[in-house]
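Taking it in order: structure first as C-alpha cells, then the write-up.
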Amino acid sequence: MKTKLKILGRIGAVLAFSFCLLGGLWILRDSWVGHKDDALTIGIGFYLVGKAFFVGPMLWLVSERACGRKDSE
C-alpha cells in the first residue's frame, strides 16, 4: 500500500513540476515572441516557473516522508 502511495506521490510531483514549468515558459515565450511589453503577463510566467520549482519538490518530499523509508512493511 505504501509503495503505491509513494509511486502516486512521485507521479504527482513530476506532473505538477512539468505542467507549471511548461505553462510558465509558454506564457513567457508568448510575451517575448509577440513583443508585448505586458508586465503582468511576464510576472505570471515567472510566477509559474517559480511555482514549479517549489511545488514539485515539495510534493516529492511529502510523499517520501509520508511513506517512510521502509518498503518491506
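The values are calculated or read from the model by the stated rules, or taken from the named source; none is laboratory data. Just so it is clear, the model here is predicted, and its values are computed rather than measured. Glycine gets a Cβ as well: all are built from the backbone with ideal geometry, and neighbour counts include every protein chain shown.
Of the candidates Val62, Val14, the single residue that is at pLDDT 95 or above, loosely packed, with under 14 Cβ neighbours inside 10 Å and assigned to a helix (DSSP H, G or I) is Val14.
A residue that is part of a helix (DSSP H, G or I) and touching a residue at least 24 places away in the same chain (Cβ under 8 Å) occurs nowhere in the stretch 31-47. Scanning the stretch 17-57 for residues being at pLDDT 95 or above and of a type in the set (S, T, N, Q) gives a total of 1.
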